[in-house]
Each structure stands twice: as C-alpha cells, then as structure tokens.
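Each remark here refers to the structure printed beneath this line.
The values are calculated or read from the model by the stated rules, or taken from the named source; none is laboratory data. For clarity, every value in this text was computed on a predicted model and none was experimentally measured. With ideal geometry, Cβ positions are generated from the backbone for all residues, glycine too; neighbour counts draw on all protein chains shown.
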C-alpha cells in the first residue's frame, strides 16, 4: 500500500532555486509529495538539475526561467504552475540580489534594482499566487529574509533596506490573507555554507561567530521552510523565524 505524504497533491513554486537553499527547499518539498516548479532568472541548467533531484526524491517537477522584475513575469510563472500541475498551494520567495557597497557608492538604479528583486518581485508573485491558493482552499507563502535586515551592518544599505521591507510585507500578507486560509511567514538564514562561498556569505554579518561555532547547511534552512509549508502549520503566520546558529537571538 502506498504511503501518503503530507504534501501529496500540493503544488509549489520556489523562486531562485537553481542552487543552494532554494534547491534544498525544492528537494524537501518533493520528498513531502509536492509537485514543484523550480525557477531561475537565467540558470536553466541549474534549475533543470534541481528538478531532476526533486523527481529523484519522489516529487514531480518543472522549471520556469525568467526575470521576475519584468512586467507580467510573476503572473506567467503562476500560470505555468497551473498549466503544468493544475493549481498552486505554496510559494517560496527565495530569489534575491545581494551586494556589498558603501552607501556613497550606491546609485539609485542599483538601489531600485535590489528593491525590485527583493521586495517587488515577492509582492507580485504573492499577488499572482493568491487567487490560485484561494481556489484550493489553503496556501503557504514563505519569504526568505536576510540577517542584515535585522542588525547594523556596513556596506549593505540597499540589501538591508530591502530585507527589512520584506518583513513588513510578510506581516501585511499574513493579516490580509488569514481569512482565506493562507499563511505568510519569513525565514531569515544566517551564515550558510553555499556554493557562493562561506567567506563571501559571512562578510555581511560582520564576522561574528554563532554559538554553534559553524556555518549552517542549506538543508537545515530548508527544513524550517518546508515545515511552514506543512498543512498542519496553519496556526503559524506573520512570524519572522531566524535560522542562524544563535548568531542573532531577538
């Protein structure tokens, strides 16, 4: 007899999932039974590799490649998930731009580019996703934050501002969507060992050690994200959940 899994029949989109945390989230969602759309802005090969890993984990998978800051792209991504799998229940907004630039060196174009990617695109994806979640009777939105949005750091004015704004967006979504059975939460990773490199990832956090004395793993962040996507997570909404080894304890 086939065992049911908690997300059997659910459909998920994970933006920015060609590598690292996004990929780990996709694979864990697939292992829980979800059909997953892996998104990348340009890294088709990475997104396809993620989709293959989802299938190996027991889930169905598709890919969608595009720039979510372009007009209509978020709606096209949601439409693709509906065409491929028949609906949408879970949206994980993981795609983001980062940078280390002194405030005096940040052009308004660069500032706006980061805001469009880190705040506007998650808003547009949520706006496009909600009607499909409403039709299914439930939904989960998980935004991916950044530690620089919660404590003072140098050379990250643009990124810090965008990640702080994402917290506000998450709370607003939680309040507005509660009556529809849709939750919204934000997960904030600390120093994570990724393909981009530990030292580069750690630089924005000021080199402060965490109490565990090590970097986190993408799977450890993905575990928290996918837990929030579980049908039994319906009473958790509007929350900021830090995954940083104790480096920051609000």
Do we find a residue being buried (at least 22 other Cβ atoms within 10 Å of the Cβ), touching a residue at least 40 places away in the same chain (Cβ under 8 Å), touching a helix residue (DSSP H, G or I) at 6+ places or on another chain (Cβ under 7 Å) and within 30 Å of residue 174 (Cβ to Cβ) anywhere in segment 41-51? no
Please enumerate the residues belonging to segment 4-48 that are in a strand (DSSP E or B) and closer than 12 Å to residue 65 by Cβ. 37, 38, 39, 40
All but one of (1) buried (at least 24 other Cβ atoms within 10 Å of the Cβ); (2) farther than 16 Å from residue 250 by Cα hold for residue 188; state the number of the condition that does not hold. (2)
So is residue 233 under 14 Å from residue 150 (Cβ atoms) and either buried (at least 17 other Cβ atoms within 10 Å of the Cβ) or at pLDDT 95 or above (or both) or not? no
For segment 76-98, how many residues meet the condition of being crowded, with 21+ Cβ neighbours inside 10 Å and part of a loop (DSSP other than H, G, I, E, B)? 5
From the set of residues in segment 200-230 that are surrounded by 16 or more Cβ atoms within 10 Å (Cβ to Cβ) and within 28 Å of residue 102 (Cα to Cα), which is modelled with the lowest pLDDT? 201
Tell me, please, whether a residue that is surrounded by fewer than 18 Cβ atoms within 10 Å (Cβ to Cβ), out of contact with any helix residue (DSSP H, G or I) (no Cβ under 6 Å at 6 or more places or on another chain), modelled with pLDDT of 95 or more and in a helix (DSSP H, G or I) can be found in segment 56-63. yes
Name the residues in segment 133-153 that are farther than 20 Å from residue 249 by Cα and out of contact with any strand residue (DSSP E or B) (no Cβ under 8 Å at 6 or more places or on another chain), would you? 135, 136, 137
Kindly indicate the residue of segment 2-37 that is more than 16 Å from the chain's Cα centre (by Cα) and at positive phi and also surrounded by the most Cβ atoms within 10 Å (Cβ to Cβ) among those meeting that condition. 33
Just a yes or no: is a residue in segment 118-133 more than 25 Å from residue 234 (Cα to Cα), in a helix (DSSP H, G or I) and at pLDDT 95 or above? yes
